[in-house]
Amino acid sequence: MERTLSIIKPDAVAKGVIGKILDRFESNGLKIAASKKLQLSRMDAEAFYAVHSERPFFNDLVDFMISGPVVVSVLEGEDAMSKNRKLMGATNPKEAEAGTIRADFAENIDANAVHGSDSVENAAVEIAFFFSGREIS
Ligand code: GDP
């Protein structure tokens, strides 16, 4: 049993597809162990994406992530991290496989609908960033 962090980004929340995206997880064997909607502060977004702080798109990414509320969830199941990455599709929605969340709900590489942890180690750090132990079950 493995856990990973998912974020439904501001573009997808604004479009009203929270339920459709959460359904993709549940329909594919991932349990929603925790979930909440929140507005990130600039400090939250800069801290969460600190690994990208030297990348040219960092400021755009932070601006986008605070442009509206997000939904953060802990997904749980067998191979949860890689299963979620498969369901998400490629970072650039134009390259995302048909039937993936990004192919179906995202516009472009800035507004790409979802975030998912990219390793089991990062998943633990990202889950702890948003949730206390007693919020996860
Ligand atoms: P992910 O794990 O698939 O989300 O991709 P990364 O960890 O590489 O990048 C994090 C986020 O930064 C992506 O989801 C995009 O929103 C954004 N991003 C990545 N590469 C680019 C880029 O080349 N240009 C822009 N504008 N945004 C990018």
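The values are calculated or read from the model by the stated rules, or taken from the named source; none is laboratory data. A quick note: this is a predicted structure, and the numbers were derived from the prediction, not measured. We place every Cβ from the backbone using ideal geometry, glycine too, and count neighbours over all the protein chains shown. Please note that ligands, DNA and RNA were not included when accessible areas were found on the heavy atoms of the full protein model with its side chains. Shrake-Rupley method; radii C 1.70, N 1.55, O 1.52, S 1.80 Å.
Scanning region 85-95 for residues that are away from the ligand (no atom under 11 Å from the Cβ) and either at positive phi or open to solvent by less than 50 Å² (accessible area, probe 1.4 Å) (or both) turns up just one, LEU87. When you check SER67 against the structure, is it closer than 17 Å to SER35 by Cα, modelled with pLDDT of 95 or more, small (Gly, Ala, Ser) and not in a helix (DSSP H, G or I), yes or no? Spelling it out, it is not the case that SER67 is closer than 17 Å to SER35 by Cα, modelled with pLDDT of 95 or more, small (Gly, Ala, Ser) and not in a helix (DSSP H, G or I).
Restricting region 96-116 to residues that are more than 9 Å from the ligand (Cβ to nearest atom) and assigned to a helix (DSSP H, G or I) leaves a set whose member that is most open to solvent (accessible area, probe 1.4 Å) is ASP104.
Residues checked against (1) open to solvent by less than 60 Å² (accessible area, probe 1.4 Å); (2) more than 13 Å from the ligand (Cβ to nearest atom):
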site	(1), (2)
SER53	yes, no
ASP60	no, no
SER67	no, no
GLU78	no, yes
ASP118	no, no
ALA123	yes, no
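Before we move on, is ASP44 buried (at least 18 other Cβ atoms within 10 Å of the Cβ) and within 15 Å of the chain's Cα centre (by Cα)?
Spelling it out, it is not the case that ASP44 is buried (at least 18 other Cβ atoms within 10 Å of the Cβ) and within 15 Å of the chain's Cα centre (by Cα).
With respect to the conditions (1) over 14 Å from PHE129 (Cα atoms); (2) surrounded by 13 or more Cβ atoms within 10 Å (Cβ to Cβ), TYR49 lacks only one, and its number is (1).
Scanning region 117-137 for residues that are closer than 19 Å to GLU26 by Cα and in a loop (DSSP other than H, G, I, E, B) returns SER117, ILE136, SER137. Every condition in (1) crowded, with 19+ Cβ neighbours inside 10 Å; (2) under 17 Å from LEU30 (Cβ atoms); (3) out of contact with any Ser or Thr (no Cβ under 8 Å at 6 or more places or on another chain); (4) without any contact (Cβ under 8 Å) to a residue 60 or more places away in the chain is met by SER82 except one, and the failing one is (1). The lone criterion from (1) surrounded by 14 or more Cβ atoms within 10 Å (Cβ to Cβ); (2) out of contact with any strand residue (DSSP E or B) (no Cβ under 9 Å at 6 or more places or on another chain) left unmet by LEU30 is number (2). Quick check on region 5-27: of everything there that is touching a strand residue (DSSP E or B) at 6+ places or on another chain (Cβ under 7 Å) and open to solvent by 40 Å² or more (accessible area, probe 1.4 Å), which residue is nearest to MET81 (Cα to Cα)? By that ranking, first place goes to GLU26.
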